[in-house]
Amino acid sequence: MKLLMEQWKKYLAEADVHQVSIDRLLPTEEMGHGKDHDCPSEECEEKIKMKMNQISSGYFEPIQVANQKPIVTARLAGKEDYTPAPKSGQEEPFLYVVNGHHRLEAAKRLGMKEVPVVKVQL
C-alpha cells in the first residue's frame with residue numbers, strides 16, 4: 001500500500017496537479033453536463049455513488065479544467081446565426097470542468113472544500 005501511495009504522489013507531481021477550492025469550478029454544459037445534461041438520472045446517480053466510494057477510499061483522479069469556457073462547435077454549426085467567438089486569452093476567476101463532472105458532484109456530496117485539478121489546453 002505504501003508503494004502505491006508513493007507512486008500516486010509521484011504521478012500527481014508530474015501531472016502538475018493543484019488543489020483548488022470547489023467553489024471555483026463550474027460544470028460545462030457544452031461538454032454534456034451541467035444544468036441540463038443527457039445522462040439518465042439513474043445512471044448518473046450510480047456513477048456519482050461509485051465516484052464517492054473511490055474518493056472515500058483515497059483515490060481521486062484529478063478533474064480536468066480549463067480557464068476559458070470550452071465551446072463544442074459541432075453543436076452550434078449549421079445554425080444561421082452562428083459565428084464562432086474568438087477566445088479572449090483572459091484567465092477567468094473560475095475554472096470550467098472539461099472532464100470530471102461526476103467526480104465534482106461526488107466531492108460536493110462528500111463535503112469537500114478543495115479538489116485536485118489539472119489544467120488542460122483547449
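Please go through the residue pairs Lys51/Lys113; Lys49/Lys108; Lys49/Lys119; Lys69/Lys119; Lys49/Lys69 and name each one whose alpha carbons sit more than 18 Å apart in this structure.
Where the Cα-Cα span goes over 18 Å, the pairs concerned are Lys49/Lys119; Lys49/Lys69.
Subtracting the Cα-Cα distance from 0.36 nm times the residue separation, let me have the gained length for Lys113 to Ser56 in nm, one decimal.
Full extension of this stretch gives 19.1 nm more.
Using R₀ = 30 Å, calculate the FRET efficiency as 1/(1 + (r/R₀)^6) where r is the Cβ-Cβ separation of Glu43 and Val120; round to 0.05.
Computed FRET efficiency for Glu43 and Val120 comes out at 0.75.
Could you pull out every residue, at least 5 positions away or on a different chain, whose amide H is within less than 5 Å of the one on Gln68? Hs are placed 1.01 Å off N in the peptide plane, and Pro or chain starts have none.
For Gln68, the qualifying residues are Tyr96.
Would you grab the residues whose amide H sits under 5 Å from the one on Lys119? Only those 5+ places off in sequence or on another chain, please, with H modelled 1.01 Å from N.
Hits under the 5 Å cutoff: Val65.
Going by average Cβ density within 10 Å per residue, which order do the peptides 60-66, 104-110, 50-56 take, highest to lowest?
With the highest mean Cβ count within 10 Å placed first, the list reads 60-66, 104-110, 50-56.
Quick note: the coordinates plus some simple rules give every number you see, no bench work behind them. Note that the coordinates shown come from a computational prediction; the quantities given were computed from them, not determined experimentally. A quick note on method: Cβ atoms are made from the backbone with ideal geometry, for glycine too, and the neighbour counts reach across all protein chains shown.
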